[in-house]
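What follows is a short report on a single structure.
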Amino acid sequence: MRKGFDGNLRWSDVTPKAQWMNRRSLMLGAGAAMVAGSAAAKIPTVPSAFSTGAAPNTLEEITSYNNFYEFGTGKEDPMRNSQAFEPDPWSVKIDGLVDKPGSYDLVDILGRVTLEERIYRFRCVEAWSMVVPWVGFELATLLNRVGVRPGAKFVAFETVVRPEQMPGQRSPLLDWPYREGLRLDEAMHPLTILATGLYGEPMPKQNGAPIRLVVPWKYGFKSIKSIVRISLTDTMPVTTWNTMNRREYGFYSNVNPEVDHPRWSQTSERRVGGGLFAKRVDTQMFNGYGEQVAHLYAGQDLAKDY
Ligand SMILES: Nc1nc2c(c(=O)[nH]1)N[C@H]1C(S)=C(S)[C@@H](COP(=O)(O)O)O[C@H]1N2
Ligand SMILES: [Mo]
């Protein structure tokens with residue numbers, strides 16, 4: 001029987017949710033004190049060599065121009081309509097081809113990882129972009145701890161379904177839950193993170209509180225928000241946008257200035273916040289992360305995305 005904080009607990013010792021309530025209240029209490037204390041109290045993070053030196057967008061830009069259809073399709077809808085969303089408590093179900101399937105409490109997960117600041121370029125398929133200082137940890141850390149079984153080839157993700165808190169889900173805009181997926185090598189890549197905050201603060205609701213995926217070399221829709229389920233599979237997962245329109249939203253959807261969207265060019269992008277007269281930015285292959293990720297696609301026809 002384990003109680004309270006035991007720094008020596010191993011991931012494999014993770015027990016059902018109820019037993020972690022003490023730990024939860026302690027950590028949440030600390031969080032509340034932090035918020036009440038001062039604006040200067042940030043989530044402790046370590047810097048990352050993967051961060052870009054580009055100037056981040058402002059917090060206001062990052063939190064007022066969003067895609068999160070669970071809260072509506074307008075860019076300001078997620079900011080306006082996410083007030084009632086309750087991201088705590090939260091747990092993530094991990095299942096499929098893993099050694100230790102289960103429902104993992106987020107507070108518990110966060111107590112066992114080193115959070116990094118990752119300043120990444122972020123490129124939406126709609127041809128706008130931002131630079132975001134995420135707080136997060138590598139997805140590979142989590143997957144390694146739950147133990148990926150031989151035979152697993154893909155990772156599938158699902159967003160929470162809560163129509164009472166997510167007004168967009170009261171309409172059949174998408175086939176809820178929002179679903180995404182990665183090939184296992186993409187999921188294990190060190191650039192792929194689970195983000196739990198930005199600008200040193202817990203993740204804003206409109207950006208995918210309390211935990212979302214960030215895959216910086218792919219179009220933004222791959223970076224699924226408010227994740228409640230991660231499944232290891234041997235077949236390519238069914239994903240929301242790919243199912244909606246296979247031709248326009250490929251499973252891989254790597255940022256690629258040479259492959260236009262059927263309805264618009266992908267050669268350049270509008271950096272959000274640049275103002276009306278700002279020059280468009282040239283879109284880079286793999287969103288500028290080619291040196292790190294191009295090898296994943298050796299021999300794969302990048303123009304054929306599914
Ligand atoms: N669950 C969910 N995740 C989602 C979306 C969504 O509508 N629902 N939109 C995607 C799209 S199209 C983009 S561009 C990014 C936007 O992330 P941001 O609002 O933090 O910039 O979230 C992605 N993740
Ligand atoms: Mo997007």
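The values are calculated or read from the model by the stated rules, or taken from the named source; none is laboratory data. Quantities reported herein were computed from a predicted structural model and do not represent experimental measurements. Side chains included, ligands, DNA and RNA excluded: accessible areas come from the protein's heavy atoms. Shrake-Rupley method; radii C 1.70, N 1.55, O 1.52, S 1.80 Å.
Remark: the stretch 209-215, residue by residue, has Karplus-estimated 3J(HN,Hα) of 4, x, 8, 9, 8, 9, 10 Hz, where x stands for each Gly or Pro and the curve is 6.51 cos²θ - 1.76 cosθ + 1.60 at θ = phi - 60°. Residues considered: 72, 208, 147. Largest GNM mean-square fluctuation over the chain, using C-alpha springs under 10 Å, is found at 147.
For the chain, the spherically averaged projection of the C-alpha convex hull amounts to 16.3 nm².
In straight-distance terms, cross-link reach from residue 75 covers every one of the lysines whose alpha-carbon lies under 18 Å from its own, apart from those fewer than eight places away in the same chain; here that gives 205, 222, 225.
The heavy atoms of residue 259 present about 50 square angstrom of accessible area, all protein chains included, probe 1.4 Å. A simple rule links phi to the HN-Hα coupling: the Karplus curve 6.51 cos²θ - 1.76 cosθ + 1.60 with θ = phi - 60°, which for the stretch 160-165 gives 4, 10, 8, x, 5, 10 Hz, with x for Gly and Pro.
How much of the accessible area of the chain, probe 1.4 Å, is carbon plus sulfur, in whole percent?
So the carbon and sulfur contribution to the accessible surface is 55 percent.
Near residue 271, the amide H atoms lying under 5 Å from its own belong to 129, 281; only residues 5 or more places off or on other chains count, and H is placed 1.01 Å from N.
How much of the DSSP beta bridge set in the chain is antiparallel, as a percent to the nearest 5? In the chain, approximately 85 percent of DSSP beta bridges are antiparallel ones.
Considering only 184, 110, 139, the Gaussian network model of the chain with Cα springs below 10 Å gives its largest mean-square fluctuation to 110. Phi angles of the stretch 247-255 translate, via the Karplus equation with coefficients 6.51, -1.76, 1.60 and θ = phi - 60°, into HN-Hα couplings of 6, 8, 9, x, 5, 6, 6, 6, 4 Hz per residue; Gly and Pro are given as x. Note on the stretch 44-165: Kirkwood radius taken over Cα pairs, Stokes-Einstein applied at 20 °C and 1.002 mPa s, translational D equal to 126 µm² s⁻¹.
Among 250, 74, 96, the residue with the largest mean-square fluctuation in a Gaussian network model of the chain, with springs joining Cα atoms closer than 10 Å, is 74. For the set 153, 218, solvent exposure ranked by accessible area (probe 1.4 Å, protein chains only) runs largest to smallest as 153, 218.
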